[in-house]
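Novice: The structure's right below; bear with me while I get my questions together.
The values are calculated or read from the model by the stated rules, or taken from the named source; none is laboratory data. Computed from a prediction, not measured in an experiment: that's the story for all the values here. Here the Cβ positions follow ideal geometry from the backbone for every residue, glycine too, while neighbour counts run over all protein chains shown.
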Amino acid sequence: MPTAARAARPLPWFTLFKYVIYALLTLNIVLFFFDDWSAARAAYGDDFSSISLIALFPSTVDTAAWVVLLLLFELETWVISDGTLSQRRVQYSLMATRALAGSVIVYAFYGYWLTLLNSYAVTPLAAPEQLCALAERGYQQVISLGEFTPLDSALCASQADASWLLHNRELAVGSAESWLLVQRLAWLDLINSGAWLLVVVVLEGDVWLQLRGRLNGLLLTISRYTKLVLYLLLAVAVVCWIAMGDWLDGWDAAIWLIAFVFIELNLFRWQAETAEPAPVGAG
């Protein structure tokens with residue numbers, strides 16, 4: 001990232017594509033809000049008074065914070081010049097915003113942990129014939145993580161058997177296979193969130209070292225291989241979501257991978273530009 005003004009840079013096709021990707025991620029905040037809202041209404045009814053915000057809208061809160069963090073990386077690795085970035089007021093502003101977004105992301109990770117624990121809070125249905133009574137009380141049939149369908153009282157007796165499980169806190173009941181899918185997806189959310197947290201830690205180290213001219217040699221090698229392993233893990237998560245039929249999470253995760261490819265390209269160009277010798281006569 002040279003000290004020259006960013007206005008001097010041409011606007012190539014990949015820059016336009018990059019900002020289209022960022023816009024899609026911003027749109028995903030809205031999509032996840034409606035998805036979380038629908039799941040919360042099905043699981044808890046209309047009374048959310050005893051449920052925390054992160055437990056109700058984990059994907060929405062997490063995605064919004066990640067978009068903020070992504071834009072911070074874009075500013076640091078592409079938009080803001082080295083001279084401006086080295087100013088204390090700029091650094092403090094970025095640090096404060098990053099601390100806020102980072103706190104939300106860590107809190108969201110905790111929310112995924114709570115979701116995972118919640119997915120195991122089930123007990124066998126004592127008597128299959130109770131299912132019709134549960135349908136009359138407003139219970140929903142769990143299909144997948146955050147996905148429910150009304151429990152049809154006309155079919156409840158024929159659907160229920162000894163393998164059905166009743167949630168201890170939510171108005172949800174479902175087959176053992178459905179709850180197993182919920183638990184696997186909850187694990188996937190938690191692992192994905194943890195991997196992204198590690199990516200951010202490494203990228204923060206990259207930016208810090210790059211500003212000080214120390215992102216080279218062994219440190220650069222360790223950074224690249226660490227991120228390669230993490231990105232491969234995240235790519236596997238995309239495949240798993242799609243394989244398990246969770247298209248929204250799979251789509252979102254794939255777009256995030258593309259977005260961070262652009263951040264890596266920004267960082268690569270920044271390194272290349274700072275490595276170039278200064279023009280003759282430049283002061």
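Novice: A278 fails exactly one of the following numbered conditions: (1) at pLDDT 95 or above; (2) over 21 Å from N192 (Cα atoms). What is the number of that condition?
Specialist: (1)
Novice: Give the number of residues within region 80-117 that are farther than 17 Å from W196 by Cβ and either touching a Leu at 6+ places or on another chain (Cβ under 9 Å) or buried (at least 19 other Cβ atoms within 10 Å of the Cβ) (or both).
Specialist: 7
Novice: Next question. Would you pick out the residues in region 203-232 that are part of a helix (DSSP H, G or I) and surrounded by fewer than 15 Cβ atoms within 10 Å (Cβ to Cβ)?
Specialist: Those that are part of a helix (DSSP H, G or I) and surrounded by fewer than 15 Cβ atoms within 10 Å (Cβ to Cβ): W208, G217, L218, L219, T221, I222, R224, Y225, L228, V229, L232.
Novice: Pull out all pairs, ordered by first then second residue, where Cβ-Cβ is under 7 Å, the residues are six or more apart or on different chains, the first lies in region 175-187 and is in the same structural domain as T115 (by TED's automatic domain parsing) and surrounded by fewer than 20 Cβ atoms within 10 Å (Cβ to Cβ), and the second is at pLDDT 95 or above and among the charged types (D, E, K, R).
Specialist: Close Cβ pairs satisfying both conditions: none exist.
Condition check ((1) more than 24 Å from G205 (Cα to Cα); (2) modelled with pLDDT of 85 or more; (3) not in a helix (DSSP H, G or I)) across all residues:
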{"site": "L16", "(1), (2), (3)": "yes, yes, no"}
{"site": "V20", "(1), (2), (3)": "yes, yes, no"}
{"site": "A23", "(1), (2), (3)": "yes, yes, no"}
{"site": "A40", "(1), (2), (3)": "yes, no, no"}
{"site": "S49", "(1), (2), (3)": "yes, no, yes"}
{"site": "T63", "(1), (2), (3)": "no, yes, no"}
{"site": "L69", "(1), (2), (3)": "no, yes, no"}
{"site": "L72", "(1), (2), (3)": "no, yes, no"}
{"site": "L75", "(1), (2), (3)": "no, yes, no"}
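Novice: Quick one: Q183 ticks every box in (1) in contact with a helix residue (DSSP H, G or I) (Cβ under 6 Å, 6 or more places away or on another chain); (2) closer than 23 Å to F33 by Cβ except a single one, so which number is it?
Specialist: (2)
Novice: Could you please give the count of residues in region 133-144 that are farther than 11 Å from V173 by Cα and not in a strand (DSSP E or B)?
Specialist: Adding up the residues that qualify gives 3.
Novice: Taking A108 as meeting all but one of (1) at pLDDT below 90; (2) touching a Phe, Trp or Tyr at 6+ places or on another chain (Cβ under 9 Å); (3) outside any helix (DSSP H, G or I), write down the number of the exception.
Specialist: Every condition holds for A108 apart from (3).
Novice: Tally time: how many residues in region 25-35 are modelled with pLDDT under 90 and either closer than 15 Å to E74 by Cα or loosely packed, with under 10 Cβ neighbours inside 10 Å (or both)?
Specialist: Here the count works out to 0.
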